[in-house]
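So the structure is just underneath, and the comments pick up after that.
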Amino acid sequence: MKIIIATPLYPPEIETLSFYIKSLAAKLCKKHEVTIVAYASTAEKIPGVKLITISKRQPLLMRFLRYLFALLETSKHADIIYVQNSVTAGLPAIIVKFFRKIPVILNFAENEAWKRATQLQFTSQSPENFLKKPKSSSKIRFIIFLQKFVSNHASQITVSSDASAKLLSSVYHVPSTHIKINYNPPENQQILPFKTNPVQHQIIAIGRLVEWAHIPEIIYTVNSLKQKFPDIKLLIAGEGPQENKLKQIVTDLNLSKYIIFLGRISKAENWYLRKISHTHIHLYDSIHENFPDTIISSFSAGIPVIINNSIEADEIISDEENGFTVNLKNEKELSKKITFLFNDDNLKNKIINNANKILNAKFSWESHLKTLNNIFESGYGK
């Protein structure tokens, strides 16, 4: 097949999507003829893959039109377009679909409207609550409109979790028959130039510091555990509107010795933290842009995960089998689960081993490519 991958990001940009596209294209080109159309000022070439780049150093309208014309030209003899976002690449792809009558598969990798709204501090709500009643700028509302338009005109949509599929159906009213779950494979593991050993009683929490993350409860839990485990450490990586409030809680409780705010960290630092820590607490009680990728990364790094039981986590976590589910609002329950992991190496090792089995069976590149090839070759309606 002749496949076009339309993407807003591409290496050397250091983003999860960039690394995914590079790995995906290198694997797909063994079976298909692959062309990448990307917004990129500089780009890394992939052997066997044709690459067309549109410079980001142009005015918005100019680069949009150049991207659209590049897709139109490239799609003359293409069989399918696999597009990686629902706005800057998604809208041109849908326009091309109308002209060329070829299927467009949308990978709904992230919710751009919600992501921008949180970055600009327009909202601290979870994605589903924000999208149902968006209170934001006209620009953000326009992005929501585009996301809904592109989602409803794509031939098929792939998502990385069952909960994301339900979100698309409930908020954007996309028919469930047009949505296919295709779990993301783990990112390529960072090869560290030195040996790492987990730090005893060290916990990591990674993500945006927003109102609906359960960071205060985790802080209070560390406060209750510090006498039982005097060397306990909580490393919080990320930025967000709640940062000053959280730091004040730590100061008020005199926990600066036990809790460290790292701010925004690189992908290499993110991987290093997972490799040297004892436990990863998944912060959110709701579906967000990186679910379930952050959990899969911890599986890959060999670190136990504790996740809130209000998430539809059963598609990934079986309690006390390959991780822990817990009500993060219940400090006593969270404290109990952390204590289990700190005190029982056999339990910890069982969870890590079982997580690795799930990783290989459900979240492998082999499984991801099989699902994707089935979608490509099934001839979804144009």
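Rule-based calculations on the coordinates, nothing more; no lab input. This structure is a prediction, so every number in the text was calculated from the model and none was measured. Note that we place each Cβ from the backbone using ideal geometry, even for glycine, and neighbour counts take in every protein chain shown.
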Q. So for H173, H153, H214, fewest C-beta neighbours within 10 Å to most, what's the order?
A. H173, H153, H214
Q.
What does the net charge come to around H32 if you take all other residues with beta carbon closer than 15 Å to its beta carbon, with K and R at +1 and D and E at -1?
A. +3
Q | Charged-residue dipole, Cβ positions (Lys, Arg, Asp, Glu), the chain about Cα centre, Debye nearest 20 | A | 1160
Q. Relative to the Cα centre, what is the charge dipole magnitude of region 202-362, using +1 at the beta carbon of each Lys and Arg, -1 at the beta carbon of each Asp and Glu, and rounding to the nearest 20 debye?
A. 560
**Q.** Positive-end residue, region 46-143 charge dipole about Cα centroid, Cβ charges, pick of Q58, T118, F69
**A.** Q58
Q: Note down the magnitude of the dipole of region 23-148 about its Cα centre, charges +1 on Lys and Arg C-beta and -1 on Asp and Glu C-beta and zero elsewhere, to the nearest 20 debye.
A: 220
(Q) If I require 20 Å or longer along the helix axis, counting alpha carbons, and a Kyte-Doolittle average no lower than 1.0, what helices from the chain are left? Use full DSSP H segments. (A) 60-74
Q) Taking neighbour counts of Cβ atoms within 10 Å as a proxy for exposure, in what order, fewest first, do H368, H282 appear? A) H368, H282
Q: Apply 1/(1 + (r/R0)^6) to the Cβ-Cβ distance of F98 and S169, taking R0 = 22 Å, and write down the FRET efficiency to the nearest 0.05.
A: 0.35
Q: Give me the percent of Cα-Cα pairs in the chain that sit more than 28 Å apart, rounded to a whole number.
A: 48
Q.
With the cut-off at 1.5 for a/c, could you classify region 16-104 from its C-alpha gyration tensor as rounded, prolate or oblate?
A. oblate
Q) Projected onto the charge dipole of the chain (+1 at Lys/Arg Cβ, -1 at Asp/Glu Cβ, origin at the Cα centre), which of V326, Y39, A301 gives the Cα projection farthest towards the positive end? A) Y39
**Q.** Relative packing of 176-182, 88-94, which averages over residues the other C-beta atoms within 10 Å, highest first
**A.** 88-94, 176-182
Q. By count of other Cβ within 10 Å, fewest leading, how are W365, W212, W114, W271 ordered?
A. W365, W212, W271, W114
**Q.** Sites matching GluC sites (Glu not before Pro) across region 6-76 that sit in DSSP coil, with at most 15 neighbouring C-beta atoms within 10 Å
**A.** E15, E44
